Amino acid sequence: MKAQLIDGKLISAEIKAEAAEEAAALKAQGIEPCLAVVLVGDNSASKVYVSNKQKACEAVGIKSVSHVLPGETTEEELLNLIDELNADKSVHGILVQMPVPKHIDDRKVIMAISPDKDVDCFHPVNVGYLHTGAKGFLPCTPAGIIELIKRSGHSIEGKNCVIIGRSNIVGKPVAMLLMQENGTVTICHSKTKDLAGICRGADIIVSATGKVDTVTADMVKEGAIIIDVGMNRNAEGKLCGDVDFENVKEVAGAITPVPGGVGPMTIAMLMKNCNTAARIQNGLM
Ligand code: NDP
């Protein structure tokens, strides 16, 4: 293998250790960071995500309180619970696991969470802060991507960064963060013409399409950094990313695996945001 393997497990462990130190320092000041996790319905993937987030909280020393609601919960009932959590001074972060059942409008849910408790960084106020570069929450997966690149020894400044995918959760916010790191950013999507040609000019490629083999070796410049956000199943049912890892690793300079790349970073960055929430609500930032 030619490329450096960017180890998301190792880097996320470093970040969680820092979050644990930060949580301990807050506790020494009489503040116990606390995350409220809300799960509506019994989507099995969501249950796993919620359980992993709770385990991470426990490991880091952040209190977590879970609210598991039945699938028939009405929008009004969910919004009422969010109001209660907004008002509860012992709760610093609120996370409603997405997707919520179809009869609930997820935009209303996002808007209902107090921006000061919005540890997912989905509320338009926090998205606005992200765009203006103000201090506060950073969206977990995109911020995790920046940490992966920097902590594995690479700089972003002056680099041509190509992002494949323009979702509100990954593509758009990661573009903003790469630009803030002084990268030159191109955002591609399903209507982009000559994706391969654009990718060949990239020093950094971030793929977030959810499509197997979006990035193949012929699209990658020698030595480029490849960040694979995708979480897909291949023909054999095995978890894989968007990137043809086996072939791209022979051309790239550095690459994230799936699993063990971007995935673990999302929860680590969530832990940081819980501490940030506790600091914001106690006038410490
Ligand atoms: P979305 O489906 O919301 O967005 C996918 C984007 O990819 C769209 O902008 C779409 O373009 C673009 N796209 C799709 N196919 C192509 C193609 N063939 N060529 C170019 N662009 C294409 O997905 P998300 O952003 O929510 O997630 C993307 C992937 O990342 C998924 O696999 C998801 O599971 C994973 N993920 C992983 C996380 C982690 O923690 N590791 C966290 C979040 C997501 P258009 O807009 O034109 O439709």
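The values are calculated or read from the model by the stated rules, or taken from the named source; none is laboratory data. This structure is a prediction, so every number in the text was calculated from the model and none was measured. Note that we place each Cβ from the backbone using ideal geometry, even for glycine, and neighbour counts take in every protein chain shown.
Of the residues V174, V206, V162, V127, which single one is more than 9 Å from the ligand (Cβ to nearest atom) and not assigned by TED's automatic domain parsing to the domain that holds E222?
On the way: V174 fails: not assigned by TED's automatic domain parsing to the domain that holds E222; V206 fails: not assigned by TED's automatic domain parsing to the domain that holds E222; V162 fails: not assigned by TED's automatic domain parsing to the domain that holds E222.
When all the criteria are applied, what remains is V127.
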So E157 fits all but one of (1) over 30 Å from G197 (Cα atoms); (2) surrounded by fewer than 19 Cβ atoms within 10 Å (Cβ to Cβ); (3) charged (D, E, K, R); what number is the exception? (1)
Odd one out for M219 among (1) more than 25 Å from R151 (Cβ to Cβ); (2) surrounded by fewer than 24 Cβ atoms within 10 Å (Cβ to Cβ): (2)
Is it the case that some residue within the stretch 122-145 is touching a Gly at 6+ places or on another chain (Cβ under 8 Å), over 23 Å from A19 (Cα atoms) and buried (at least 20 other Cβ atoms within 10 Å of the Cβ)? no
State which residue pairs qualify: first residue under 10 Å from V220 (Cα atoms) and touching a residue at least 24 places away in the same chain (Cβ under 8 Å) and inside the stretch 189-202, second residue within 10 Å of the ligand (Cβ to nearest atom) and part of a loop (DSSP other than H, G, I, E, B) in any location, beta carbons under 9 Å apart, and separation of 6 or more residues or different chains. I198/T192
Out of all the residues in the stretch 18-53, which are under 18 Å from the mean Cα position of the chain (by Cα) and either assigned to a loop (DSSP other than H, G, I, E, B) or within 25 Å of T256 (Cβ to Cβ) (or both)? E18, A19, A45, S46, V48, Y49, V50, S51, N52, K53
Examine the stretch 6-13 for a residue that is assigned to a loop (DSSP other than H, G, I, E, B) and within 25 Å of M231 (Cα to Cα), and state whether such a residue exists. yes
